[in-house]
Structure formats: structure tokens, C-alpha cells
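Q: Just passing along the structure, written as C-alpha cells.
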Amino acid sequence: MSGWVKVAGLGPGDEAMVTEQVRTALAEATDVVGYIPYVARVVARPGLTLHPSDNRVELDRANHALDMAAAGKRVVVVSSGDPGVFAMAAAVFEALELRPDPNSFDIEILPGITAMLAAAARLGAPLGHDFCAINLSDNLKPWDLIEKRLRLAAQAGFSMAFYNPRAASRPGRFERVLEILRAELPGQVLIAFARAVTTGEEHLNVVTLAEADAGMADMRTMVIIGNEDTRRVGRWIYSPRRVG
Ligand code: SAH
């Protein structure tokens, strides 16, 4: 089979953060599939067919990409940030798992700069010590599990990066997240709201957990909460490498 699938991360927004490897894949592609706003970031050209699709159809999209590759097309599946972080790479493997001969496909995952790392870099070094990343969307997992992980991660002293902090379909849920964090952590722990990082609409806001308000986050925001040692230095925040 001469067709292939490359699952590519477009980075957080800034075109300078799209890797050379991803640019090359897009230049060689015959087809691009992905969520509408991500496909909109790909420049149209003759010989390239764009297949934008709606959110929440990830598995259909992955199957479409595999079918096109089997028919000889060179397909790039685009995600924002990194495709392996709460994005299309896992969806492609979920689709692949149901195929009779997974090894017959030529698949490559092309990493990108995930929102968590782009946000951390703009803020300073809040992830300088141990940390974890949690997707706050309960589309694909029970809410109780999110609450449990939040509590245990806070108890374990991790800095935490929250993806998908808020959605219109989940009113009150981020308020609940703040309530759980306040029950587990001192009010002076720093929490950063980094919106649309590396784009023209970037907005950074660092407050204490006691001051935090759910209205500070939306779906374009990465929320990073520090550990108990995370501190301000000048206009930055950082988590020291040494703890205890
Ligand atoms: N695969 C993506 C994440 C997809 S989940 C990645 O690796 O970055 C979508 C969530 O990512 C958003 O709700 C938001 O929390 C975060 N996000 C994506 N781009 C962002 C940006 N430029 N600035 C801040 N947060 C962003």
C-alpha cells in the first residue's frame, strides 16, 4: 500500500511553532482531515482536499483517514497542540484496533507543542517539578473519576495542568473543581489561567486559589495550578526543582 496516515500536531496557534516535519507532511498530503477550526489552519492548494468535520466524530474521522490511506491517499489528520494529548492519535489507534490487519497501514504520529507546555513557557516554569495533566471533560469518562483524580493528585503534591476546563454543556463543573482543590490545598497556592496562548488573543492571569473564579476559564484556556512551593519571581511563576 502506498498510502499513509500522518497524525500531526499543529501546535498551540503560532505558525512558528509548527514543526518542519509537520510542514513537510502537509506539503506531501493529498487529503487533510480534522476538526473544522484546525483544518482551517491548513493553507489550501491544488491537489489537496480538505475534509473538515464537526467535534465529537473523532472515530468516524479516524476511519475515514484509514480508508483513504488504504485507497492510496496520503492523509494528514490534524490536531491542535500535540495529537497524542487528548486528541486524534488515540482515536486513530481505536479505529485501527478494529481492522483485521493493523500492520498493513503506514501510520506515523508527528508530535506538536501541546497547550500545557506552551502555556507553561509563557508563565515561566510552573511545571518545573512533578506534574500531571487532566482533561476536565466528562465526554468520555465519568465525572466521579475526574473528582477522584483531582483529589489524589492534589494530595500527592503535583502541579496540575487542566485541559478543557469549561464547556457550556457542563455548567457548574469548574466551580466544583475549584471547590475540591480548595478542600485539599492551601488558599495561597498559585493558579494560572492562560487563554489562547501564542495567538493574538493571548491572555495570562495568575491568582491564588482563594481568589480564583470559574469565570476566569473558558474552552480556550489552559489552567495550571502550582504545588505548594510554586512561587512568583518578577512577572513569572515557577516551581523549584527541589522539594522537601
Ligand atoms: N491536543 C491539544 C489539546 C486538545 S483539548 C494539545 O495538545 O494542546 C483542547 C483544550 O486544550 C482547550 O480546551 C484548552 O484547554 C487547551 N488549549 C488548546 N490550545 C490552547 C491555547 N492556544 N491556549 C490555551 N489553551 C489551549
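Q: Are there any pairs, at least 6 apart or on different chains, whose C-beta atoms fall under 7 Å, with the first in the range 38-60 and under 19 Å from residue 220 (Cα atoms) and the second in a loop (DSSP other than H, G, I, E, B), and if so, which?
A: 38/10; 38/80; 41/10
Q: OK, next. So which of 101, 82, 60, 54 ends up being of a type in the set (Asp, Glu) and open to solvent by less than 80 Å² (accessible area, probe 1.4 Å)?
A: Values: 101 fails: open to solvent by less than 80 Å² (accessible area, probe 1.4 Å); 60 fails: open to solvent by less than 80 Å² (accessible area, probe 1.4 Å); 54 fails: open to solvent by less than 80 Å² (accessible area, probe 1.4 Å).
Just a single option satisfies the conditions, and that option is 82.
Q: Among (1) under 28 Å from residue 23 (Cα atoms); (2) surrounded by fewer than 21 Cβ atoms within 10 Å (Cβ to Cβ), there is one condition residue 119 misses while meeting the rest; what is its number?
A: Among (1) under 28 Å from residue 23 (Cα atoms); (2) surrounded by fewer than 21 Cβ atoms within 10 Å (Cβ to Cβ), the lone unmet condition for residue 119 is (2).
Yes or no, residue by residue, for (1) more than 9 Å from the ligand (Cβ to nearest atom); (2) of a type in the set (Phe, Trp, Tyr); (3) free of Cβ contacts under 8 Å to residues at least 12 places away in the same chain:
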{"position": "103", "(1), (2), (3)": "yes, no, yes"}
{"position": "113", "(1), (2), (3)": "no, no, no"}
{"position": "118", "(1), (2), (3)": "no, no, no"}
{"position": "127", "(1), (2), (3)": "yes, no, no"}
{"position": "131", "(1), (2), (3)": "yes, yes, no"}
{"position": "137", "(1), (2), (3)": "no, no, no"}
{"position": "143", "(1), (2), (3)": "yes, yes, no"}
{"position": "152", "(1), (2), (3)": "yes, no, yes"}
{"position": "155", "(1), (2), (3)": "yes, no, no"}
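Q: If you scan the range 209-244, which residues turn out to be in a strand (DSSP E or B) and under 17 Å from residue 180 (Cβ atoms)?
A: First, the residues of the range 209-244 that are in a strand (DSSP E or B): 221-225, 231-233, 236-238.
Answer for the range 209-244, where residues must be in a strand (DSSP E or B) and under 17 Å from residue 180 (Cβ atoms): 223, 224, 225.
Q: Here is a follow-up. Could you count how many residues in the range 162-187 are part of a loop (DSSP other than H, G, I, E, B) and under 22 Å from residue 148 (Cα atoms)?
A: So the count comes out to 11.
Q: Checking residue 188 against (1) out of contact with any Pro (no Cβ under 7 Å at 6 or more places or on another chain); (2) within 16 Å of the ligand (Cβ to nearest atom), which single condition isn't satisfied?
A: Of (1) out of contact with any Pro (no Cβ under 7 Å at 6 or more places or on another chain); (2) within 16 Å of the ligand (Cβ to nearest atom), only one is false for residue 188: (2).
Table: residues versus (1) out of contact with any Asp or Glu (no Cβ under 8 Å at 6 or more places or on another chain); (2) acidic (Asp, Glu).
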{"site": "72", "(1), (2)": "yes, no"}
{"site": "75", "(1), (2)": "no, no"}
{"site": "78", "(1), (2)": "yes, no"}
{"site": "86", "(1), (2)": "yes, no"}
{"site": "91", "(1), (2)": "no, no"}
{"site": "97", "(1), (2)": "yes, yes"}
{"site": "112", "(1), (2)": "no, no"}
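Q: Condition (residue is assigned by TED's automatic domain parsing to the domain that holds residue 232, crowded, with 21+ Cβ neighbours inside 10 Å and assigned to a loop (DSSP other than H, G, I, E, B)) applied to the range 122-132: is it met by at least one residue?
A: yes
Q: Across the range 193-243, which residue is nearest to the ligand (Cβ to nearest atom) among those that are open to solvent by 70 Å² or more (accessible area, probe 1.4 Å) and aromatic (Phe, Trp, Tyr)?
A: Result: 236.
Q: Quick one: is residue 175 more than 16 Å from the ligand (Cβ to nearest atom), assigned by TED's automatic domain parsing to the domain that holds residue 220 and open to solvent by 10 Å² or more (accessible area, probe 1.4 Å)?
A: Yes, satisfied.
The values are calculated or read from the model by the stated rules, or taken from the named source; none is laboratory data. Quantities reported herein were computed from a predicted structural model and do not represent experimental measurements. Glycine also receives a Cβ, built like all others from the backbone with ideal geometry; neighbour counts cover every protein chain displayed. When the accessible area is computed, the model is the full protein with side chains, heavy atoms only, and any ligands, DNA or RNA have been set aside. Shrake-Rupley method; radii C 1.70, N 1.55, O 1.52, S 1.80 Å.
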